[in-house]
Amino acid sequence: MQITVIGLGYVGLVNAVYLASLDREVFGYDIDKNKISLLRQGVSTLEEPNLQSLLTESLHNLRFSSNHKDAIRHATHIFICVDTPQAKDGSVDLKNFYSVLDNIVEDSVQDQCIIIRSTVPVGTNRIVKKYLEDRSQYHFDVISFPEFLSQGKAVENMIQPDRLILGVSDQKGIAHAKEIAQMYLIKKAPVMITSCENAEMIKYASNSFLAMKISYINNIAQLCEKVGADVEKVAKGMSLDPRIGESFLKAGIGYGGSCFPKDTNGLYWIANDNSVPMEIVRSTIKINESQVQFFLDKIYKRFKSLSALNVAVLGVAFKGGTEDVRQSQAIPIVKAMLEKNANVVVYDPLAMDNFQKLFARHTHIKYVDYPSDALKNADVALILNDSEEFLSLKPIDFIMNMRKPVIFDGRNLYKVESMEGTEYHSIGRPSLTTKVKSRKSL
Ligand code: UGA
């Protein structure tokens, strides 16, 4: 088996390195020459736990190139892992995906098995076979193999998957699917071999369901604030019902990242395209969008003006444990602070460089190396992701560093009662506003 992985983002690079770690020779292709140059030197281009060590161990089995001819010619198995971003109208932009197919048509010199790990609209994988075979003299087997990696846990998820879902379009595909599943089964996991349409649908339905859970609890959180309930206690009580479970019931400023926003919009678009109104997905998206405004309104209500206020922003990646700022909730929140002329100081353990690139025009944002530096003389601290480092912050860290310890916690990181001494606001829980200490009083 000669494996080529096309597209070395989260999905592609983790797949390539994982397959190489099984002592298979893997050819990795990406259009980005800079990325290829770093990977050739054995430098991981992603901040993922254990990825660098796995890459170092497996480098002898990996070749990297930005020449698609080299990558495609000798491959018997091609894993397509390019991004399929959201288009302006909410549909899925397949430009990159089809350009890979065109490269395959151009460069292949033999029959090939194409394994699609990119998230593509339902029906795409079946079209792929026809698209390739109409344009090439070779035969192609196409397997739909959606990925279920979570950023920050990508290597762990790859080594120990919850499930493997593989979609095939005919009987012959089943043998290929079994062979591929075997490579991903170093630990036991349920394997489902089904139709391409089912596999594609499972990916959209799973991500949208998880996003829906988040929007549901966020909607409940808004109501909790009105009726004097505590959403953390409500979620805990709900999760004691094993049918509901405890995952994805953490209220906050909403979901971001490269998957949930894109896939909920994609599913809504696919449903509309098939004349199936999917109001539940539309509400999921709408609630998520409103959650940032909900958070901002709390801040606006607390301060008459934000002009010249020192704002410490802790966490700008879309979640803790990653350097990824794509669709991060921090983006509109920091923009809003800048529009109100606040002085913004940012700290994130991993994502500062990426955020700085995004806000390159805003040269007056300050980036600091420690949370305490961000908090120094701040009038308000905004906690926007669940980076592990923030969990160890104590009221004293806010009281001793800030002008006044006013905290808006967008991820409900702390127990309300543990924050005594600070003015503490969070999502869907009562605020602490009395007995606020200042550094002078200590
Ligand atoms: C998500 C899915 O969890 C993976 O199963 C899937 O494979 C992946 O998308 C994908 O399609 O590639 P990911 O985007 O890495 O993974 O991140 P999640 O951990 O799911 O978090 C997404 C967002 O939801 C984050 O902004 C997070 O802070 C937020 N979130 C998550 C909540 O607000 N509340 C929760 O209870 C859970």
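If a spin label sat at a point 7 angstrom from the Cα of Ser438 along the line to its beta carbon, the backbone N atoms of segment 388-402 nearer than 20 Å would be those of 395-402. For segment 140-267, the orientation-averaged shadow of the C-alpha convex hull comes to 9.5 nm² (one quarter of the hull surface). The alpha carbon centroids of segment 199-235 and segment 277-298 are separated by 11 Å. Under a 5 Å amide H cut-off, with hydrogens placed 1.01 Å from N, Ser328 pairs with Gly257 among residues at least 5 apart or on other chains. Bridging of Lys153 to lysines at a Cα separation below 17 Å is possible for Lys187, Lys319, once same-chain residues fewer than 8 apart are set aside. Rg to Rh ratio, the chain, alpha-carbon atoms and Kirkwood radius? Over the Cα atoms of the chain, Rg/Rh equals 1.01. Per-residue 3J(HN,Hα) values for segment 228-237, derived from phi via the Karplus relation 6.51 cos²θ - 1.76 cosθ + 1.60 with θ = phi - 60°, read x, 9, 10, 4, 5, 6, 4, 5, 4, x Hz in sequence order (x marks Gly and Pro). Rounded to the nearest 500, the 222 nm mean residue ellipticity of the chain from helices alone is -13000 deg cm²/dmol, with -39,500 (n - 2.57) taken per DSSP H run of at least 4 residues. Each DSSP beta bridge with both residues in the chain is either parallel or antiparallel, and the antiparallel ones are about 10%.
From the largest down, segment 326-436 spans 40, 26, 25 angstrom on the principal axes of its Cα atoms. Based on the Cβ-Cβ distance of Lys172 and Leu22, what FRET efficiency does E = 1/(1 + (r/R0)^6) give at R0 = 30 Å, to the nearest 0.05? That pair, Lys172 with Leu22, gives E of 0.80. With the highest mean first, a sort of the peptides 158-167, 134-143, 219-228 on other beta-carbon atoms found within 10 angstrom per residue produces 158-167, 134-143, 219-228.
Every Cα-Cα pair in segment 1-113 was counted, and those over 25 Å apart are 20% of them. Of the peptides 233-245, 294-306, 28-40, the order by per-residue mean of other Cβ atoms within 10 Å, starting with the highest, comes out as 28-40, 294-306, 233-245. For the pair segment 330-348 / segment 395-442, the C-alpha centres are spaced 20 Å from each other. Would you list which aspartates and glutamates come within 12 Å of Lys404, measuring only between C-alpha atoms, while excluding same-chain residues fewer than 8 positions from it? List returned: Asp379, Glu423.
Answer rounded, prolate or oblate for segment 93-208, using the Cα gyration tensor with square roots of eigenvalues a ≥ b ≥ c: rounded when a/c is under 1.5, else prolate when a/b is larger than b/c, else oblate. Prolate, since a/c reaches 1.5 and a/b exceeds b/c. Fully extending the segment from Ala229 to Ile159 would add 21.1 nm, taking 0.36 nm per residue of separation and subtracting the current Cα-Cα distance. Listed peptides 250-257, 359-366 appear in the order 250-257, 359-366 once ranked by packing, highest mean of other Cβ atoms within 10 Å at the front. Based on the Kirkwood approach, the hydrodynamic radius assigned to segment 75-116 is 11.4 Å, with every pair of different Cα atoms included.
Each value in this text was obtained by applying a stated rule to the coordinates, not by laboratory testing. This structure is a prediction, so every number in the text was calculated from the model and none was measured. Quick reminder, even Gly has a Cβ in these numbers, built from the backbone with ideal geometry, and neighbours come from all protein chains shown.
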